[in-house]
Amino acid sequence: MTIASTPVLTSAESALRTFGPVLRAESAASVQNGGLTPTAVDAFLQGGFALFDVPEYLGGRGENSYVACQKMVEEVSRYDDGAGWVLHAVGGFTGLFAAMLPEEGVRELWGEGRSATIAGMGAPRGRAVRTENGYIVEGKYQFASGANVATHFVGGCAIFENDKQVFLENGSPAFIAIVVPRDQVILDGNWDVIGLQATSSIDYEIPSMFVHEMFTFSMNPWPERVLRGAPRHRVGLGVHGVTGQPPVSLGAARRALEEVATLAQQRKRRDGPYATVADQPLFQHDIAVLDAELTAARLAYYDFVAQVDDYATNSPDPMTEYWGDRAKQASRYALDVALKCVDFAYYWAGTTALRRGNIIGQLFLNVHAMNLHLVMDRNAILQAGPTVIADLVKDGASR
């Protein structure tokens, strides 16, 4: 597969207007393809979407706010939620590595016209043994979303010394993230699914090899400072790992309501006297409520993201567990509302949504697949509960 290397960095709005419709037109074909089609891949890369969070001097779009980056993911997801999922994954890794790698490594990936796009899994499924100027690494990984747009792959690796795994004082494993070129990775496939098919979230292996330290950074402990780009990259996994997905589900939910509202004006159900589905009081009531709930979920999520951006930019202190708990609350709520929206759309679309290739059916399956993601486990709300209670008590006592 040939991957385009030089994006056309028009403005973000222009990129969406130009390439969003292409992604939308290719959506059904990308599902059948098990990954973005060649036409969609070209649009994705030419639009420069994955470089939205890469500094300008490295060929990216510069230092955008957290809110702006996440809204870009949401808008791409309204065109095609498969492409939006790819963007949240590869855009997240690409921006993160551009922010955290040593300068020598960054120049190798993005210098002199090069344009790396990074996919993979950052969880420490691999093994890294410290050696001179780097590590001997190997590992087997899953869920490399965006594998067919990637020039490089990331691997999370637990650190070993003297054949023993290294742990931090808090008992958690020390691990690093590495990035290796595509041609050094074994692509295992294994993406035969009924949701998020277009994401090419394949299994892959990084065989035993030496990786220079210029292509690594610590993920646990998380770096205390960002080497370049947006300050928010210092917030760590507790926030980063949770807040990436909601813009995709929010964009998919909005698209689902738009699609069923349009369909409802043309469709008549046989179980009532109303001219169209859109004339039914129950439909009108429920879509009005869901539109309000989706708006509320978006506001809550983006308000939290803006707070994270402000804290990371203006406070010298590290992010505490409080921020991770609030990230879980806002993100899980966004997904719960998105699930309600796609369920509503699927029900009122009737048998239309059963047809292979129907966008409402596709959105239904994709958002339910998002619900299976580990970071969206419902226990996240349980973990956030004590923090929410403590805040409410504190706020009440201050009055």
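Within the stretch 23-62, restricting attention to residues that are in contact with an Asp or Glu (Cβ under 8 Å, 6 or more places away or on another chain) and within 16 Å of Phe97 (Cβ to Cβ), the residue that is surrounded by the fewest Cβ atoms within 10 Å (Cβ to Cβ) is Pro55.
Can you work out which of the residues in the stretch 222-246 that are among the hydrophobic types (A, V, I, L, M, F, W, C) and farther than 30 Å from Gly34 by Cβ is surrounded by the fewest Cβ atoms within 10 Å (Cβ to Cβ)? For the stretch 222-246, the residue satisfying everything is Leu227. All conditions but one from (1) part of a loop (DSSP other than H, G, I, E, B); (2) among the polar types (S, T, N, Q); (3) surrounded by 16 or more Cβ atoms within 10 Å (Cβ to Cβ) apply to Ser249; the one that does not is (1). Evaluation of Asp192 against the conditions (1) outside any strand (DSSP E or B); (2) surrounded by 14 or more Cβ atoms within 10 Å (Cβ to Cβ) shows that the sole unmet condition is (2). Scanning the stretch 102-121 for residues that are under 20 Å from the mean Cα position of the chain (by Cα) and modelled with pLDDT of 95 or more yields a total of 6. Screening Asp336 against (1) in a helix (DSSP H, G or I); (2) without any contact (Cβ under 8 Å) to a residue 60 or more places away in the chain; (3) over 21 Å from Asp286 (Cα atoms) leaves a single unmet condition, (3).
For Tyr301, the test of being aromatic (Phe, Trp, Tyr), in a helix (DSSP H, G or I) and closer than 25 Å to Glu75 by Cα is passed. Is at least one residue of the stretch 355-370 of a type in the set (D, E, K, R), exposed (fewer than 14 other Cβ atoms within 10 Å of the Cβ) and out of contact with any Cys (no Cβ under 9 Å at 6 or more places or on another chain)? Yes - at least one qualifying residue is present in the stretch 355-370. For Met219, are the conditions met, namely being of a type in the set (A, V, I, L, M, F, W, C), surrounded by 20 or more Cβ atoms within 10 Å (Cβ to Cβ) and farther than 24 Å from Gly34 by Cβ? Yes.
When Glu63, Glu74 are checked against the criterion of being in contact with a Pro (Cβ under 6 Å, 6 or more places away or on another chain) and outside the structural domain of Asn190 (by TED's automatic domain parsing), a single residue qualifies: Glu74.
There is at least one residue in the stretch 218-231 that is in contact with a helix residue (DSSP H, G or I) (Cβ under 8 Å, 6 or more places away or on another chain) and part of a strand (DSSP E or B).
Residue count for the stretch 239-275 under the criterion of being at pLDDT below 95 and farther than 20 Å from Asp336 by Cα: the result is 10. Residue count for the stretch 158-174 satisfying the condition of being part of a loop (DSSP other than H, G, I, E, B) and either of a type in the set (Val, Ile, Thr) or outside the structural domain of Gly126 (by TED's automatic domain parsing) (or both): 1. Output the residues belonging to the stretch 41-83 that are without any contact (Cβ under 8 Å) to a residue 40 or more places away in the chain and of a type in the set (D, E, K, R). Of everything in the stretch 41-83, those that are without any contact (Cβ under 8 Å) to a residue 40 or more places away in the chain and of a type in the set (D, E, K, R) turn out to be Asp42, Glu56. Inspection of the stretch 199-216 identifies at least one residue that is under 21 Å from the mean Cα position of the chain (by Cα) and part of a loop (DSSP other than H, G, I, E, B). Residues of the stretch 307-326 that are part of a helix (DSSP H, G or I) and surrounded by fewer than 14 Cβ atoms within 10 Å (Cβ to Cβ): Thr313, Asn314, Glu321, Tyr322. Considering Gly139, Gly113, Gly155, the condition of being assigned to a strand (DSSP E or B), out of contact with any Phe, Trp or Tyr (no Cβ under 7 Å at 6 or more places or on another chain) and in contact (Cβ under 8 Å) with a residue 40 or more places away in the chain is satisfied by Gly139 alone.
The values are calculated or read from the model by the stated rules, or taken from the named source; none is laboratory data. Since the structure is predicted, the reported quantities are computational estimates derived from the model, not experimental observations. Cβ sites come from the backbone with ideal geometry, for glycine too, and all protein chains shown count toward neighbours.
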